[in-house]
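Asker: Following this message is one structure expressed as structure tokens.
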Amino acid sequence: MKGWAWQCANALQLAFTAAWTAVWISLALGVVALTGRRDWALRMASSCWAPGLLGGAGARLRVEGVERIDWSRPYLLVANHQSVIDVCALFRAVPVPLRFLLKREMTRVPFVGWYARVTGMLFIDREDRRAGPLLRRDAAGMLRRGESLCLFPEGTRSLTGAVAPFKAGALQSAIDAGVAVLPVAIEGAGAVLPVDGLFRVRPGRIRVRVGTPLPTQGAQGQPDRQVLAAQAHAAVVALLRRPA
């Protein structure tokens, strides 16, 4: 009976997630069509869509370290990746409009793909080896315009919670734009919405910890991207290990 009850609860949660997403994305697209303000649509994600999905999943969000960051500056945020609900947690935690690097396949997802295109998200075709240089150019341009971008440099979600090595090429755009890399650690998201299974939600706590920005400009010149990736990875791991 307990397993059957969880299956029913997850089915209802999935229906709620789809309906909530469709409604708020439709409203956001309408706002962009009427005003041309993509930043307003991003604000709607952080203030309405994301908290609704987190609350509906029974996720209690705790954010640490965000108050120490100068958010008047753009950053390339790099985070570990445990679950699709990571995006909701980051939207809610970061107090400025935030864009993401997404898989090219997301463009085919109704509503989500439309919203991502309209709000200026970036996409990567992981099967196209020529996509890297173009993506880095577009990402650097976004950062130079003062827009913050978030990516998951592991390249995929973790099945175990362990943080895989960061792909160094993803951080080159921050070096090119002269923008600091901001490490962010997400803990608990994999337990709330695990990567395995179709849709299996369990209430729990998600903790987002924001670290210290890693400069890409300084007296020693530009850092090597391999070194920068290793530093960012070590910072995220250290944040995850920090006691609650």
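The values are calculated or read from the model by the stated rules, or taken from the named source; none is laboratory data. Note that this is a predicted model, so its numbers are computed, not measured. Here Cβ is always computed from backbone atoms with ideal geometry, including for glycine, and neighbour counts include all displayed protein chains.
Asker: Is one or more of the residues making up the stretch 49-69 among the hydrophobic types (A, V, I, L, M, F, W, C), closer than 30 Å to Ile175 by Cβ and surrounded by fewer than 14 Cβ atoms within 10 Å (Cβ to Cβ)?
Answerer: No, every residue in the stretch 49-69 fails to be among the hydrophobic types (A, V, I, L, M, F, W, C), closer than 30 Å to Ile175 by Cβ and surrounded by fewer than 14 Cβ atoms within 10 Å (Cβ to Cβ).
Asker: Among the listed residues Gly113, Gly132, which satisfies the condition of being free of Cβ contacts under 8 Å to residues at least 12 places away in the same chain, surrounded by 14 or more Cβ atoms within 10 Å (Cβ to Cβ) and assigned to a helix (DSSP H, G or I)? Don't jump to the end; show me each part of the working.
Answerer: Working: Gly132 fails: free of Cβ contacts under 8 Å to residues at least 12 places away in the same chain.
After ruling out the rest, the residue left standing is Gly113.
Asker: Can you name the condition, by its number, that Phe123 falls short on among (1) in a strand (DSSP E or B); (2) modelled with pLDDT under 95; (3) closer than 23 Å to Gly211 by Cα?
Answerer: Result: Phe123 passes all but (3).
Asker: Among the residues of the stretch 195-225, how many are of a type in the set (S, T, N, Q) and either within 20 Å of the chain's Cα centre (by Cα) or at pLDDT 85 or above (or both)?
Answerer: Here the count works out to 2.
Asker: Right, next: Go through (1) over 22 Å from Cys88 (Cα atoms); (2) in contact with a strand residue (DSSP E or B) (Cβ under 9 Å, 6 or more places away or on another chain); (3) buried (at least 16 other Cβ atoms within 10 Å of the Cβ) for Ala170 and report which single condition fails.
Answerer: (1)
Asker: Mind telling me which of the residues Val31, Val66 ends up being modelled with pLDDT of 95 or more, touching a strand residue (DSSP E or B) at 6+ places or on another chain (Cβ under 8 Å) and hydrophobic (A, V, I, L, M, F, W, C)? Walk me through how you get there before you give the answer.
Answerer: Working: Val31 fails: touching a strand residue (DSSP E or B) at 6+ places or on another chain (Cβ under 8 Å).
So the residue among Val31, Val66 that is modelled with pLDDT of 95 or more, touching a strand residue (DSSP E or B) at 6+ places or on another chain (Cβ under 8 Å) and hydrophobic (A, V, I, L, M, F, W, C) is Val66.
Asker: Of the residues that make up the stretch 47-62, is at least one touching a residue at least 60 places away in the same chain (Cβ under 8 Å), in a strand (DSSP E or B), closer than 21 Å to Val210 by Cα and not basic (Lys, Arg)?
Answerer: yes
Asker: Shifting gears a bit: Name the residue, out of Val210, Val195, that is among the β-branched types (Val, Ile, Thr) and closer than 19 Å to Leu98 by Cβ.
Answerer: Step by step, each of Val210, Val195 is checked, and only Val210 is among the β-branched types (Val, Ile, Thr) and closer than 19 Å to Leu98 by Cβ.
Asker: What residue, among those in the stretch 155-167 that are aliphatic (A, V, I, L, M) and in contact (Cβ under 8 Å) with a residue 12 or more places away in the chain, is surrounded by the most Cβ atoms within 10 Å (Cβ to Cβ)?
Answerer: Among those residues, the one meeting the criterion is Val163.
Asker: Looking at Leu228, Leu182 in this structure, which one is buried (at least 22 other Cβ atoms within 10 Å of the Cβ), assigned to a strand (DSSP E or B) and either modelled with pLDDT under 95 or not charged (D, E, K, R) (or both)?
Answerer: When all the criteria are applied, what remains is Leu182.
Asker: Could you go through the stretch 209-221 and let me know if any residue there is assigned to a loop (DSSP other than H, G, I, E, B), surrounded by 18 or more Cβ atoms within 10 Å (Cβ to Cβ) and among the charged types (D, E, K, R). Reasoning before the result, please.
Answerer: Initial filter on the stretch 209-221 (assigned to a loop (DSSP other than H, G, I, E, B)): 211-213, 215-221.
Within this subset, residues satisfying the condition of being surrounded by 18 or more Cβ atoms within 10 Å (Cβ to Cβ) are 211, 213, 216.
In the following step, the residues that additionally are among the charged types (D, E, K, R) were identified as none.
No, because not a single residue in the stretch 209-221 is assigned to a loop (DSSP other than H, G, I, E, B), surrounded by 18 or more Cβ atoms within 10 Å (Cβ to Cβ) and among the charged types (D, E, K, R).
Asker: Return yes or no: is Arg99 in contact with a Gly (Cβ under 7 Å, 6 or more places away or on another chain), basic (Lys, Arg), surrounded by 16 or more Cβ atoms within 10 Å (Cβ to Cβ) and in contact (Cβ under 8 Å) with a residue 12 or more places away in the chain?
Answerer: Yes: the conditions hold for Arg99.
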